[in-house]
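Let me begin by presenting the structure, written as structure tokens, before commenting on it.
The values are calculated or read from the model by the stated rules, or taken from the named source; none is laboratory data. Being a predicted model, the structure only gives us computed values, none of them experimental. Cβ: placed from backbone, ideal geometry, glycine included. Neighbour counts: every protein chain shown. Calculation scope for accessible area: heavy atoms of the full protein, side chains included, ligands and nucleic acids excluded. Shrake-Rupley method; radii C 1.70, N 1.55, O 1.52, S 1.80 Å.
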Amino acid sequence: MVKRLVTALLLITGLLFNAISQNVEGINARIDGMGGSGLTSDLGWAVGHPTGIANFPDQMQGTIYTTPIPDIGETYGAVIAVKGFGEKFRLGVTFNERIHMSYSFYKDGGLILDATHINGDNNADKFAMIPSVALCWKFNDDFKFGVSSFFEGQSYENLTTQRFKYPKVGGDSAEVSFIHNEIGKRISVWGFVAEAWLKIGGLYLRPTIKFGVPGIYGEEETDFQTQLKKSLQSTPAAAGTTFPDAINEKYSWECPEAMLINGGVLFVAANDNIEFDWGVWYGEKTYQFKKNIEEDTADIDASGNASNQRVGTKPKIESHRISRGIDYFIGVLPSFSDNFYFAPEYDGGFGWSKAKEPDIAADSNFFYMYHNFRLGIEKNIPDFWIFDQISFRSGLVAYWTKEWRSIKNGGFDGNVNSDENMPWGSFFWGSNFGKKQAKVAGGIGFKKARGYFDLSIDFIKWKQGIVKGPPSAMATIGMDFGRKEW
């Protein structure tokens, strides 16, 4: 009992430590408290993996982020629910799933759309997502199959009436009303995940494929020239009046050559003493933003007569990115008889991409690599005080990235790496690579009857060292309504 009280005191001291979270590992507080350990069996890891819901029938879980998470757009965390129908079928629903495209896709798509409602950092607070739905069938103990669908995006329409005044004959003024119509502006991605869990010999395999279609769409038009002509023809302007360029505009946006794909296999080998997991995945994200511009411009005189009419299109504004990468994972989970979880893991990867940005002459080519070293620890103590179980958790993450960039045709030609002060570093695809970081996490969990509550914290701020702020990073509450598992 003394040992338990000392352990609890140390953890509570850690929970009160003034640290603020700048990043999170995993989808809920339990996983985050263990540094994002991927080997733990948890409902949170079923998000994006439809066969995972088979292990958690009739459960519901919700998570909140107690500090803002920059550049992710997951402010409110995930809410996950699984319902079992008999022994063979599971239905899962996830609200606020993690975004499937990179944050820059939404931010820069909003910028090129000239969409004030889909723009910049505010995207994280306003991003709308339709809940993803997962289905899982268990054919037998050695074979499960699952599929899930997802859709996320933002859209809006806006009709603004604008006004222009000019002096008319006789000294008074006349007013021209014209429209500025933003029609169906939208940025989105939709797709599906297909996954299996099967046993071949003494080895389990989990092949997964995700496919999505990202896109931006919309139109924008004004009719200033048309309305100005009508007004001047009925109410001429005073002599000597000059007018701004009379333009009817029409813009349209499209996203050709767009694709999201990710696929690979996780292998699991286990016996009574130890479990080994390893896997490899290939991913590709391709999207091209195009803005088409049509303008009808004319010089208008005081009586509404048009001259020097200029009708045509301007060169398209384009942004194009192709990104490909390979990710891999290896983890070891020894088996202990005293409810102790200890899992050293490594995940890493490398990739390459090519980017061309609007209004920037430079073409850029990137090659990157990253390494994550993790250690997740959890100690479960049954029948602690009024609880059925209390869990103490800790986690360590060591993170290192490197990027090499080649820039051409932008006033700077050459090769740079992420340890240098890179030109063009602030343009749309500005990188956060080239950092060596570490994170020490902790957490505590309580179970009572069918309910459980988990809390995670960061002992060290992810990027800037120790600062004052809220002590917790994530909080999760869940209920287990199931009477048996399969």
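Could you give me the residue pairs with C-beta distances under 9 Å whose first residue belongs to the range 173-193 and is free of Cβ contacts under 8 Å to residues at least 12 places away in the same chain, whose second residue is in a strand (DSSP E or B) and of a type outside the set (Asp, Glu) wherever it lies, and which are 6+ apart or on separate chains?
These pairs meet every condition: SER173/LYS165; SER173/TYR166; SER173/PRO167.
How many residues does the range 97-128 contain that are modelled with pLDDT of 60 or more and acidic (Asp, Glu)?
Adding up the residues that qualify gives 3.
Give all pairs with beta carbons closer than 7 Å in which a residue from the range 80-96 that is closer than 24 Å to PHE151 by Cα and modelled with pLDDT under 90 meets a residue that is open to solvent by less than 50 Å² (accessible area, probe 1.4 Å) and of a type in the set (Asp, Glu); count only pairs at least 6 apart in sequence or on separate chains.
Here the result reads ASN96/GLU74, each pair linking the range 80-96 to a residue that is open to solvent by less than 50 Å² (accessible area, probe 1.4 Å) and of a type in the set (Asp, Glu).
If you take the residues of the range 231-279 that are of a type in the set (D, E, K, R) and in contact with a strand residue (DSSP E or B) (Cβ under 8 Å, 6 or more places away or on another chain), which of them is most open to solvent (accessible area, probe 1.4 Å)? Even if it seems obvious, please write down each step before you answer.
Within the range 231-279, the first condition is being of a type in the set (D, E, K, R), and the residues that meet it are 245, 249-250, 254, 257, 272, 275, 277.
Checking which are in contact with a strand residue (DSSP E or B) (Cβ under 8 Å, 6 or more places away or on another chain) leaves us with 245, 249-250, 254, 257, 275, 277.
Details: ASP245: 95, GLU249: 50, LYS250: 89, GLU254: 68, GLU257: 117, GLU275: 46, ASP277: 11 Å².
Across the range 231-279, the extreme among qualifying residues is GLU257.
Taking LEU203 as meeting all but one of (1) modelled with pLDDT of 95 or more; (2) crowded, with 18+ Cβ neighbours inside 10 Å; (3) of a type in the set (A, V, I, L, M, F, W, C), write down the number of the exception.
(2)
Considering only the range 144-199, how many residues are under 23 Å from the mean Cα position of the chain (by Cα), charged (D, E, K, R) and closer than 30 Å to GLY92 by Cβ? Steps first, answer last, please.
Filtering the range 144-199 for residues under 23 Å from the mean Cα position of the chain (by Cα) gives 146-156, 184-195.
In the following step, the residues that additionally are charged (D, E, K, R) were identified as 152, 185-186, 195.
Add one more test, that the residue is closer than 30 Å to GLY92 by Cβ, and what stays is 152, 186, 195.
The number of residues fulfilling the criteria is 3.
Looking at (1) among the hydroxyl-bearing types (Ser, Thr, Tyr); (2) open to solvent by 40 Å² or more (accessible area, probe 1.4 Å); (3) modelled with pLDDT of 95 or more, find the lone condition where TYR341 falls short.
All conditions are met except number (2).
Could you please find all residues in the range 318-338 being among the hydrophobic types (A, V, I, L, M, F, W, C), buried (at least 16 other Cβ atoms within 10 Å of the Cβ) and farther than 30 Å from SER391 by Cα?
ILE322
For the structure I just gave you, tell me whether GLY171 is surrounded by fewer than 17 Cβ atoms within 10 Å (Cβ to Cβ) and either out of contact with any Leu (no Cβ under 9 Å at 6 or more places or on another chain) or not in a strand (DSSP E or B) (or both).
Numbers: surrounded by fewer than 17 Cβ atoms within 10 Å (Cβ to Cβ): yes; either out of contact with any Leu (no Cβ under 9 Å at 6 or more places or on another chain) or not in a strand (DSSP E or B) (or both): yes.
The answer is yes for GLY171.
Residue-wise test of (1) surrounded by fewer than 17 Cβ atoms within 10 Å (Cβ to Cβ); (2) modelled with pLDDT of 85 or more; (3) of a type in the set (Lys, Arg); (4) not in a strand (DSSP E or B).
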site	(1), (2), (3), (4)
PRO358	no, no, no, yes
PHE367	yes, yes, no, no
ILE377	no, yes, no, no
ARG393	no, yes, yes, no
VAL397	no, yes, no, no
THR401	no, no, no, no
ASN421	yes, no, no, yes
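Among the residues of the range 212-230, write down those that are open to solvent by 40 Å² or more (accessible area, probe 1.4 Å) and closer than 25 Å to LEU111 by Cβ.
So in the range 212-230, the residues open to solvent by 40 Å² or more (accessible area, probe 1.4 Å) come out as 217, 219, 221, 226-227, 229-230.
Hits for the range 212-230 are TYR217, GLU219, GLU221.
Would you say THR66 is open to solvent by less than 80 Å² (accessible area, probe 1.4 Å) and modelled with pLDDT of 75 or more?
Values: open to solvent by less than 80 Å² (accessible area, probe 1.4 Å): yes; modelled with pLDDT of 75 or more: no.
Against the criterion (open to solvent by less than 80 Å² (accessible area, probe 1.4 Å) and modelled with pLDDT of 75 or more), THR66 does not qualify.
Is there any pair with a first residue in the range 208-228 that is closer than 26 Å to TRP45 by Cβ and a second that is among the acidic types (Asp, Glu) whose Cβ atoms are under 6 Å apart and which are 6 or more apart or on different chains, and what are they?
THR208/GLU195
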